[in-house]
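Before any comments, here is the structure.
Laboratory data are not the source of any read-out in this text; all were calculated from the coordinates shown. Worth saying up front: this structure is predicted, and the values here are computed from it rather than measured. All Cβ positions, even for glycine, are placed from backbone atoms using ideal geometry, and neighbour counts span all protein chains on display.
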Amino acid sequence: DTGVSQDPRHKITKRGQNVTFRCDPISEHNRLYWYRQTLGQGPEFLTYFQNEAQLEKSRLLSDRFSAERPKGSFSTLEIQRTEQGDSAMYLCASSSRRVDRGHFESSGNTIYFGEGSWLTVV
Amino acid sequence: KQEVTQIPAALSVPEGENLVLNCSFTDSAIYNLQWFRQDPGKGLTSLLLIQSSQREQTSGRLNASLDKSSGRSTLYIAASQPGDSATYLCAVRRHNTGKLIFGQGTTLQVKP
């Protein structure tokens, strides 16, 4: 198990271009999360998936942002028509649902983060 | 709306000192609280997770406590080492959501 993997690690793009980030979660994890972090701040939640279903989406995720997890494994985060304000580190994380006394816990376990993808929009 | 605050924002201590990092949250209806470590330019490493029904968790030189009623958690680091220098973040999660709400972090420097 190699942990959560993100690609690319760094991306410099011109304003107005589209960018896509990929995340490969820990193999047995069915939950996948995207966060955004700017310098000096804690990460901010963007969205999360359980298997292929996108269950929550932040208001931070404008129409220019879209995330997918088509087969319930890897995920992509696409930013269209990038703006300078999109410059940040985009973090992916994963976790698993825990079965407790025969019932699924709705959101129980440790969340594991990847190394992040740095985006610079010039 | 849940808000998470970490004080102090930065801390510098000599090697060998025991220290406490603080985290407070405004809504006590949490499912769990997780402490993370972040090195400059890197992702987050999970340190400890405390479920809402628990009072503390320990891992090596780290001990995290949770007082849900007062909306506080502390991370205690014993016998600090230069390798402990990093930013420490706490995050809370509510029931029935995958969303973590983070504090802004405490940046720790341990001087040799």
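Observations
- Simple rule: put +1 on each Lys or Arg Cβ and -1 on each Asp or Glu Cβ in chain A, find the dipole, and look at A:L32, A:H10, A:G85; the Cα lying farthest toward the positive end is A:G85.
- When all alpha carbon pairs of the stretch A:16-93 are counted in 5 Å bins from zero, the resulting P(r) reads 3, 16, 28, 26, 16, 8, 2, 0 %.
- Quarter of the Cα convex hull surface for the stretch B:1-54, i.e. its orientation-mean projected area (nm²): 5.2 nm²
- Of the peptides B:62-68, A:111-117, B:17-23, the order by per-residue mean of other Cβ atoms within 10 Å, starting with the highest, comes out as A:111-117, B:62-68, B:17-23.
- Packing-based exposure ordering (other Cβ within 10 Å, fewest first) of A:I26, B:I77: A:I26, B:I77
- Peptide-level mean, for A:85-94, of C-beta atoms on other protein chains within 10 Å: 1
- Shown here for the stretch A:16-100: chymotrypsin sites (Phe, Trp or Tyr not before Pro) in loop regions (DSSP other than H, G, I, E, B) with at most 14 other Cβ atoms within 10 Å, of which there are none.
- Fewest neighbouring Cβ atoms within 10 Å first, the residues B:H95, A:H29 line up as B:H95, A:H29.
- Pairs beyond 21 Å (Cα-Cα), from B:K1/B:K68; B:K42/B:K68; A:K14/A:K71: B:K42/B:K68; A:K14/A:K71
- Computed over the stretch B:13-112, the Cα gyration tensor eigenvalues convert (square root of 5λ each) into semi-axes of 24, 15, 11 Å, ordered from largest to smallest.
- For chain B, the relative contact order works out to 37 percent when only alpha carbon pairs closer than 8 Å and six or more residues apart are counted.
- In plain terms, chain A is cut at each of the trypsin sites (Lys or Arg not before Pro) found in a DSSP loop with at most 10 other Cβ atoms within 10 Å, and the longest leftover piece is A:15-58.
- Proximal aspartates and glutamates to A:K57, defined as alpha-carbon separation beneath 13 angstrom and excluding residues fewer than eight positions away on the same chain: A:E44, A:E68
- Under the Debye formula (equal points on every Cα, no solvent term), log10 I(q)/I(0) of the protein assembly as shown at q = 0.09, 0.14 Å⁻¹: -0.38, -0.91
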